[in-house]
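Enquirer: Take a look at this one; I'll ask things after.
Derivation of every value follows stated rules applied to the coordinates shown; laboratory data play no part. Quantities reported herein were computed from a predicted structural model and do not represent experimental measurements.
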């Protein structure tokens with residue numbers, strides 16, 4: 001799988017597509033249906049599902065407009081990072097089954113938590 005460049009304002013990071021997808025799904029899960037970022041999450045799901053390898057676009061600049069948006073997004077990143085810490089080594093694919101199914105991603109086994117954590121850290125590096 002390819003790597004995508006994720007941009008926010010004047011910062012960017014390079015993240016492996018599947019690691020990024022897993023991190024996005026975990027953030028969406030932690031939002032727990034909160035409507036604030038619903039349109040952003042729809043954009044993510046669309047990009048992950050239909051854009052080609054190396055072309056995942058998270059549209060962060062379009063949706064993280066003011067300091068409150070950024071703070072709320074950073075809080076979601078923190079919740080996702082905390083959730084990862086409850087699992088040692090592997091993150092169960094069943095935890096993200098709903099999102100994996102929507103994106104038509106079929107994982108054979110559980111996913112390395114450290115890869116998701118690294119993707120979350122890279123996202124944090126551009127929004128902090």
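Enquirer: At a threshold of 8 angstrom on Cα-Cα distance, excluding pairs fewer than six apart, so keeping six or more, what relative contact order does region 3-127 reach in percent?
Expert: This gives 36 percent for region 3-127.
Enquirer: Can you report the principal axis dimensions of region 3-127 using only the alpha carbons, biggest first, rounded to whole angstrom?
Expert: Projected onto the principal axes, the Cα atoms of region 3-127 cover 38, 31, 25 Å.
Enquirer: If one computes the Cα centroid of region 62-117 and of region 19-37, what distance in Å separates the two points?
Expert: Each part's Cα centre sits 6 Å from the other's.
Enquirer: On to the next question. Using a ≥ b ≥ c from the Cα gyration tensor of region 51-101 (square roots of the eigenvalues), is it rounded, prolate or oblate, where a/c under 1.5 gives rounded and otherwise the larger of a/b and b/c decides, a/b for prolate?
Expert: Oblate is the answer for region 51-101, as a/c is 1.5 or above yet b/c matches or exceeds a/b.
Enquirer: For region 16-81, what is the convex hull volume of the alpha-carbon atoms per residue, in Å³?
Expert: Hull volume over Cα atoms, normalised by residue count, gives 81 Å³.
Enquirer: Per 0.36 nm of contour for each residue apart, how much would the distance between residue 68 and residue 14 grow if the chain were fully extended, relative to their Cα-Cα spacing?
Expert: On the way: separation 54, 0.36 × 54 = 19.44 nm, distance 2.52 nm.
That pair, residue 68 and residue 14, stretches by 16.9 nm at full extension.
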